[in-house]
Amino acid sequence: MIVKDRPMLSKAEQIEHLLSKGVRFEKISIEEAIKYLDENNNYFKLRAYRKNFPKFSETDGEDKYINLDFAMLKDLAIIDKRLRYVLIQLALDVEHFAKVKLLNFIEKNCEDAYTIVNQYKQELINKDLKEETSFHANLLYEIERNRKNPYCGGIIENYDPEYPVWAFIEIIPLGTFLHFYSFCADVFKSKELKNDYYLLQAVKPIRNAAAHSNCILHDMGAQDNAYRPKYWLHEALKTIPKGARDRQFSNVRMCQLVTLLYFHSQIVTSEGIRDYTKRMLNELTARMFLHADYYTGNQTICASFNFLKKTIDILFD
């Protein structure tokens with residue numbers, strides 16, 4: 001295996017490398033750029049947004065970006081950070097209302113609060129015996145690991161080892177909650193819960209990416225989505241031309257982002273939260289287009305931003 005030597009660059013060397021790739025410093029000076037890298041961001045994360053800009057063709061003998069100024073990288077980084085904050089808020093709302101919905105469903109369809117949890121545990125035990133896996137042991141480990149957790153340890157102490165469903169869903173991680181959600185959908189033969197489960201699965205990666213401060217808007221032109229979006233998304237956004245939808249949904253990050261927006265618009269029942277979310281999203285789109293003149297001629301960024309704004313306008317009208 002070949003290991004590449006990637007030495008840590010000084011700020012001056014970072015600027016020099018950007019210059020060698022055709023990045024300009026016309027809208028912002030080199031001194032201001034160095035100050036920004038010192039105080040607000042790191043070079044590795046900032047340069048990720050360069051993928052949204054085309055390069056000169058190989059026939060031109062250039063390995064340089066076309067019409068890329070450092071100010072554009074900075075602008076995209078700021079937008080992306082605000083987007084991550086919004087996505088985390090939306091994901092927390094979705095998780096909360098998914099729990100509310102599941103509890104209401106179980107209350108109407110189950111004899112008591114303990115039965116469904118015990119059925120789930122037994123299902124894991126049976127699966128382990130049949131397939132030589134360790135799902136039940138992993139569940140017990142997850143619960144035990146949270147025993148000293150100041151936020152949910154008290155729930156474990158109060159109910160261990162028998163948990164009512166409202167306590168159980170508060171002490172398990174998101175992945176286990178999704179698995180439990182799917183199990184409940186199968187037990188009750190609920191197509192609605194199963195559809196919710198598929199949506200939760202789709203938004204989990206972007207929720208985790210936002211929570212870990214990963215770049216979201218770093219490669220908006222990539223056609224890297226291996227899965228076709230569910231028909232719900234196409235139906236909800238049918239006023240947007242199909243060609244535009246297909247192009248945007250071919251990008252896995254955009255598809256997950258729009259799925260989260262769609263699911264939030266469907267599952268959140270609080271008018272107060274819906275109004276707050278609409279204001280928050282409108283502020284985000286306003287910031288996206290603050291420097292729209294930067295990206296004139298950049299089809300990738302313009303098309304992605306326009307599609308995102310239209311999606312928000314449709315889903316949160």
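The values are calculated or read from the model by the stated rules, or taken from the named source; none is laboratory data. Predicted model only: the values in this text are computed from it and were never measured. Positions of Cβ are generated from backbone atoms using ideal geometry, with glycine treated the same way; all protein chains shown enter the neighbour counts. Only protein heavy atoms, including side chains, enter the accessible area calculation; ligands, DNA and RNA are left aside. Shrake-Rupley method; radii C 1.70, N 1.55, O 1.52, S 1.80 Å.
Residues of region 300-317 that are in a helix (DSSP H, G or I), touching a residue at least 24 places away in the same chain (Cβ under 8 Å) and farther than 18 Å from F70 by Cα: A303, S304, F307, L308, K309, K310, T311, I312, I314, L315.
From the list L83, L92, L87, exactly one residue is open to solvent by 20 Å² or more (accessible area, probe 1.4 Å), within 17 Å of the chain's Cα centre (by Cα) and under 22 Å from V258 (Cα atoms). Which is it?
None of the others qualify; the one that does is L92.
Please state which of the following conditions I66 fails to meet, knowing it meets all the rest: (1) open to solvent by 50 Å² or more (accessible area, probe 1.4 Å); (2) touching a residue at least 24 places away in the same chain (Cβ under 8 Å); (3) closer than 30 Å to K278 by Cα. With respect to (1) open to solvent by 50 Å² or more (accessible area, probe 1.4 Å); (2) touching a residue at least 24 places away in the same chain (Cβ under 8 Å); (3) closer than 30 Å to K278 by Cα, I66 is out only on (3). Restricting the first member to region 261-276 and to residues that are open to solvent by less than 80 Å² (accessible area, probe 1.4 Å), and the second to residues that are not in a helix (DSSP H, G or I), the beta-carbon pairs closer than 7 Å and six or more apart or on different chains are S265/F316; R274/V268. Within region 10-26, which residues are farther than 18 Å from K64 by Cα and open to solvent by 60 Å² or more (accessible area, probe 1.4 Å)? Once the filter is applied, which keeps residues that are farther than 18 Å from K64 by Cα and open to solvent by 60 Å² or more (accessible area, probe 1.4 Å), region 10-26 yields K11, A12. The numbered conditions (1) at pLDDT 95 or above; (2) over 24 Å from the mean Cα position of the chain (by Cα); (3) open to solvent by 60 Å² or more (accessible area, probe 1.4 Å) are all true for D160 except (1).
Being out of contact with any strand residue (DSSP E or B) (no Cβ under 8 Å at 6 or more places or on another chain), surrounded by fewer than 19 Cβ atoms within 10 Å (Cβ to Cβ) and more than 24 Å from L193 (Cβ to Cβ): is that true of R279 here?
Criteria met by R279.
Of all residues in region 110-149, those that are assigned to a loop (DSSP other than H, G, I, E, B), within 21 Å of K99 (Cα to Cα) and open to solvent by 70 Å² or more (accessible area, probe 1.4 Å) total 2.
This table checks each residue for (1) open to solvent by 20 Å² or more (accessible area, probe 1.4 Å); (2) without any contact (Cβ under 8 Å) to a residue 60 or more places away in the chain; (3) polar (S, T, N, Q); (4) under 17 Å from L308 (Cα atoms).
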residue	(1), (2), (3), (4)
Q201	yes, yes, yes, no
H212	yes, yes, no, no
G221	yes, no, no, yes
L237	no, no, no, yes
P241	yes, yes, no, yes
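Taken over region 35-63, the criterion of being open to solvent by 50 Å² or more (accessible area, probe 1.4 Å) and in a helix (DSSP H, G or I) is satisfied by K35, D38, E39, F44, R47, R50, K51, E58, T59, D60.
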